[in-house]
């Protein structure tokens, strides 16, 4: 078993933090996404989408997509639970995890994809679409600041995968100058707490 990883990308970091929270050690193999190794025919045999991370099991099965990989390990190692303890809790965590993906992580990623020189010549960039997503991302951070006035973590009283997704998205936003604003005290309190966890350095 091993995970194809990149220290440069936010999605692999989600998996690394998740595994660090559970104390799970898995070998990592770095993929040079700058040179485009993730788009090579050999790598696309493991993941046709050409993205990282990819978990390769001992039987050769390859599982891509960060949340799918996290789900695999959650099933094998349920403690500490990062995806909920019971049906109600799991549904709420999934709800907030999806909200963090769709309203925080994805818009920030779209700004990078459409406005950053890294993707120039790799994809068709639409800077105007990137700017629209910048506005959406900033609006989402303001909304999240209000939500966090009522609870310590995004999905409730416990740290979960929703916090991991939001943390990785917000940290990635700094590349595109998308940041927590000084007046967003609740979001800043949450960010300071989750980013100080040892797993955040994974």
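The values are calculated or read from the model by the stated rules, or taken from the named source; none is laboratory data. All figures in this text were calculated on a predicted structure; none of them were measured in a lab. Note: ideal-geometry Cβ built from the backbone for every residue, glycine included; neighbour counts use all protein chains shown.
Working carefully through the options 132, 175, 126, find the one that is within 20 Å of residue 9 (Cβ to Cβ) and not assigned by TED's automatic domain parsing to the domain that holds residue 22.
Values: 132 fails: within 20 Å of residue 9 (Cβ to Cβ); 126 fails: within 20 Å of residue 9 (Cβ to Cβ).
Within the list 132, 175, 126, the selection yields 175.
Condition test on residue 146, is it under 23 Å from residue 184 (Cα atoms), touching a residue at least 12 places away in the same chain (Cβ under 8 Å), over 21 Å from the mean Cα position of the chain (by Cα) and outside the structural domain of residue 32 (by TED's automatic domain parsing)?
Details: under 23 Å from residue 184 (Cα atoms): yes; touching a residue at least 12 places away in the same chain (Cβ under 8 Å): yes; over 21 Å from the mean Cα position of the chain (by Cα): yes; outside the structural domain of residue 32 (by TED's automatic domain parsing): yes.
Here the answer is yes, as residue 146 does meet what is asked.
Within the stretch 122-132, identify whether any single residue is without any contact (Cβ under 8 Å) to a residue 12 or more places away in the chain and surrounded by 14 or more Cβ atoms within 10 Å (Cβ to Cβ), and answer yes or no.
yes
Going by the structure shown, is residue 87 buried (at least 17 other Cβ atoms within 10 Å of the Cβ) and modelled with pLDDT of 95 or more?
Details: buried (at least 17 other Cβ atoms within 10 Å of the Cβ): no; modelled with pLDDT of 95 or more: yes.
Judged against the criteria, residue 87 is not a match.
Kindly indicate whether residue 54 is closer than 28 Å to residue 142 by Cα and touching a strand residue (DSSP E or B) at 6+ places or on another chain (Cβ under 8 Å). Give the derivation first.
Details: closer than 28 Å to residue 142 by Cα: no; touching a strand residue (DSSP E or B) at 6+ places or on another chain (Cβ under 8 Å): yes.
In short, no.
Go through (1) free of Cβ contacts under 8 Å to residues at least 60 places away in the same chain; (2) in a helix (DSSP H, G or I); (3) assigned by TED's automatic domain parsing to the domain that holds residue 169 one by one and return the number of the condition residue 72 breaks.
Evaluating residue 72 over (1) free of Cβ contacts under 8 Å to residues at least 60 places away in the same chain; (2) in a helix (DSSP H, G or I); (3) assigned by TED's automatic domain parsing to the domain that holds residue 169 leaves (3) as the failure.
Return yes when residue 55 is at pLDDT 95 or above, in a loop (DSSP other than H, G, I, E, B) and not assigned by TED's automatic domain parsing to the domain that holds residue 147 and no when it is not. It would help to see each step written out before you state the result.
Values: at pLDDT 95 or above: yes; in a loop (DSSP other than H, G, I, E, B): no; not assigned by TED's automatic domain parsing to the domain that holds residue 147: yes.
For residue 55, the condition - at pLDDT 95 or above, in a loop (DSSP other than H, G, I, E, B) and not assigned by TED's automatic domain parsing to the domain that holds residue 147 - is not met.
Can you name the condition, by its number, that residue 43 falls short on among (1) in contact with a strand residue (DSSP E or B) (Cβ under 8 Å, 6 or more places away or on another chain); (2) outside any loop (DSSP other than H, G, I, E, B); (3) closer than 23 Å to residue 160 by Cα?
Only one criterion in (1) in contact with a strand residue (DSSP E or B) (Cβ under 8 Å, 6 or more places away or on another chain); (2) outside any loop (DSSP other than H, G, I, E, B); (3) closer than 23 Å to residue 160 by Cα is unmet by residue 43, namely (3).
Return the pair list, or none, for Cβ contacts closer than 6 Å from residues in the stretch 178-196 that are within 13 Å of residue 154 (Cα to Cα) to residues that are assigned to a helix (DSSP H, G or I), at least 6 apart or on different chains.
Within 6 Å, the pairs are 186/145; 187/144; 187/145; 194/163; 194/167.
Please identify the pairs in which a residue from the stretch 75-92 that is in contact (Cβ under 8 Å) with a residue 40 or more places away in the chain has its Cβ atom under 7 Å from the Cβ atom of a residue that is surrounded by 10 or more Cβ atoms within 10 Å (Cβ to Cβ) and in a loop (DSSP other than H, G, I, E, B), counting only partners at least 6 apart or on another chain.
77/24; 82/160; 83/160; 92/84; 92/155
In the stretch 151-168, is there at least one residue being in contact with a strand residue (DSSP E or B) (Cβ under 9 Å, 6 or more places away or on another chain), touching a residue at least 24 places away in the same chain (Cβ under 8 Å) and assigned to a loop (DSSP other than H, G, I, E, B)?
Yes, that holds for at least one residue.
Residue-wise test of (1) in a helix (DSSP H, G or I); (2) surrounded by 14 or more Cβ atoms within 10 Å (Cβ to Cβ).
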site	(1), (2)
3	no, yes
21	yes, yes
33	no, yes
81	no, yes
91	yes, no
97	yes, yes
